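Structure, as structure tokens:
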Amino acid sequence: MSGCSPEAYRRRADLQVDKILADRKETTLDYQPQTEVGPEETPAPPSRAAYDRVPYTVIAPPVPSPVEPSRVQMKHEALGPVQLFPTGVGVPDSDEEADAVGPEAARQQAANAFRLGPPVPGERAQRLDLFGALSFATINSRQYRTRMEELYLAALDVTLQRHLLSPRPFVQQSFGISGGQADVDYAAALTATTAAGVRQRLPYGGEVVAQTLVTFVNALTDSADSGESAAIVLSGSVPLLRGAGLINLEALIASERGVVYSVRSFEEYRRSFAVDIASAYFRLLTRQNLVNNRRTQVRNYEVLVERTRALYAAGRIRFLEVQRTSAAYLQAQSRLITAQLTLQNAVDDFKVLLGMDVATDLEIVPVELQANVPDLSGDALAVANRLRLDLQTARDQIEDARRGIENAENGLLPDLNLTGQASVGNRVNTPGRQIDARSSQYSAGVAFDLPVDRLAERNIYRRSLIAFERSRRNYEVLRDNIEADVRASVRQIRSAQATLDLQSNAIALARRRLEYASELLRQGQIDARDLVEAQTALLEAQDSYDSARADVQIALLQFMRDTGTLRVDPAAGAIGRALDRENIPNEVDLERVE
């Protein structure tokens, strides 16, 4: 009996596998790399929790939503401080002249001069802000729909497993004709048989079947006899060793737990989906601001060229300064065209992400958001270890692997099955409806099969031990990756906040530098190069400010996603309401999707 123990099977499997690997490694690699997989410590028997149908899920407590819309909607302008042309260089003296050469006029003129390609066909543009984009993507995103279908299919598997463990009725009907030659006196008859009943799989192994059999024989020749028979049969088979116990519920347990894992996975996807949409939205706003900043710069350089020409005509500067400002003006036009092209490509990519037809004219509406910076002084790693849904699933899958070991051990046992059957029907030459207890019959038996051939089962058992070790390693790797992501998210928030403050100060410093440089140029004390550099410094500071502001908002969402505290249910804030498919307005969905 010791030779049939699980440990013996594992040792024999290891010996055979090691011999095969040693031969193949020598002939293939010409050396022997160390690839032994054991022996591992045999895990403890699975706890009762390993057989629970629904694993326990730690739900994140309600926390403030990381971004909420403020009461005032943001105008169509840069997220950072708006660039105004400095005092003393090209600044008009009258309000009428200001309307012609101000920043708003510069944006309009540059848009008309450098718009790429014809307008997108359509009656009117589809206007979406952050929360409108989330709602639209929830309805129209192809990937989102695919993930919903996967969740549905996981639940569909459970329906089958539950059905297989419930009473299952069946009805079978057959017709046949039989006959023969001289040996059977040329007898021929038509036979009709109907079987109806119910079969029930037992939770801990075996099956019980109750059925009624009715047979009619219609003689086709005088040498055959017509007749009918009926019987009520109860039969069953119960395993006592191999195949007995909770292993019979494994398919149901796995499907039930699989649904929980699919729900967790879908929720993790929804959180990442919201972060991805929001990140793309904030990046689009940043690109819009880059275009606006460069439009303003184009107009400023245009005015600067006029002013340097006037100063040259007055004899205050050399003509080389006019050439420098003219070259800077052309470079600004080129940068504006590049920024417009990049923005249009990014908008098309955003449409694909949302599931929108790329031919649709889309207008991204900036909104002012109230960002709630979380408390970064707490133990974010402990929160993530407790609330991350994928980490909870990885822990539960270790229990699944333990359960798999016990099921594999069951497959190594001998077969010992108890069978029985009882029936009652009508007597010979009586109508089928006359059931008579005197015709009852019964039988019982025990079948025993020694485990003399368990190679396949041995390999399954060895695989289950390796699967257990892999599940533990997968959990450790996932836990370490989550901790690294959380630490990176905390650093990203702090870095983005610091960058935002620095760039705000840099904008103020660049403006003062530009004002001072413009005054010195007017007096002829510096070259135009200094003024161009001051303009470029202000533009770069504004670009960095816009990017840093988007980084703060994105980092907040990523931090809450990485710690498992990002709630996307309708009661958790604007993001959750935007992802509520049942309450999304119809106008968010395009007609082509219906």
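The values are calculated or read from the model by the stated rules, or taken from the named source; none is laboratory data. If you're wondering where the values come from, they're calculated on a predicted model, not measured in any experiment. Glycine also receives a Cβ, built like all others from the backbone with ideal geometry; neighbour counts cover every protein chain displayed. Only protein heavy atoms, including side chains, enter the accessible area calculation; ligands, DNA and RNA are left aside. Shrake-Rupley method; radii C 1.70, N 1.55, O 1.52, S 1.80 Å.
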Can you work out the base-10 log of I(q)/I(0) for segment 446-490 at q = 0.13, 0.20, 0.27 1/Å, using the Debye formula on its C-alpha atoms alone? -0.53, -0.74, -0.90
Heavy atoms only, 1.4 Å probe, whole protein assembly: order 435, 59, 364 by accessible area, highest first. 59, 435, 364
7 Å from Cα along Cα→Cβ at both residue 168 and residue 365: what's the point-to-point distance in nm? 5.5
Solvent-accessible heavy-atom area per residue, rounded to whole Å², over segment 283-387 at 1.4 Å: 45
Plugging the Cβ-Cβ distance of residue 201 and residue 149 into 1/(1 + (r/R0)^6) at R0 = 30 Å yields, to the nearest 0.05, a FRET efficiency of 0.55
What's the carbon and sulfur percent of segment 164-304's accessible surface, probe 1.4 angstrom, rounded to a whole number? 58
Nitroxide proxy distance, nm - points 7 Å out along Cα→Cβ at residue 344 and residue 583: 4.0
If packing is taken as the average count of other Cβ atoms within 10 Å, what order do 11-19, 232-240, 530-538 fall into, highest mean first? 530-538, 232-240, 11-19
Contour excess over end-to-end distance, with Cα ends at residue 463 and residue 491 and 0.36 nm allotted per residue: 5.9 nm
Expressed in nanometres to one decimal, the distance between label points 7 Å along Cα→Cβ at residue 435 and residue 334 is 9.7
Local net charge near residue 423, Cβ-Cβ under 14 Å (Lys/Arg +1, Asp/Glu -1): +1
Classify segment 407-501: rounded, prolate or oblate, from the alpha-carbon gyration tensor (a ≥ b ≥ c, eigenvalue square roots; a/c under 1.5 rounded; otherwise prolate if a/b is larger than b/c)? oblate
What is the calculated FRET efficiency for residue 18 to residue 241, with r their C-beta to C-beta distance and R₀ = 45 Å, to the nearest 0.05? 0.90
For segment 381-526, which whole percent of the accessible surface, found with a 1.4 angstrom probe, sits on carbon and sulfur atoms? 50
Formal net charge of residues neighbouring residue 155 (Cβ-Cβ distance under 12 Å; K, R +1; D, E -1): -3
Stretched out fully, how many nm does the piece from residue 188 to residue 529 gain, at 0.36 nm a residue minus the Cα gap? 111.3 nm
Residue 333 neighbourhood, Cβ < 12 Å, K/R = +1, D/E = -1, net charge +3
Ignoring ligands and nucleic acids, what accessible area does residue 191 show with a 1.4 Å probe (Å², nearest 10)? 40
Given the Cα-Cα distance of residue 455 and residue 509 and 0.36 nm per residue of separation, how much length would full extension add, in nm? 11.6 nm
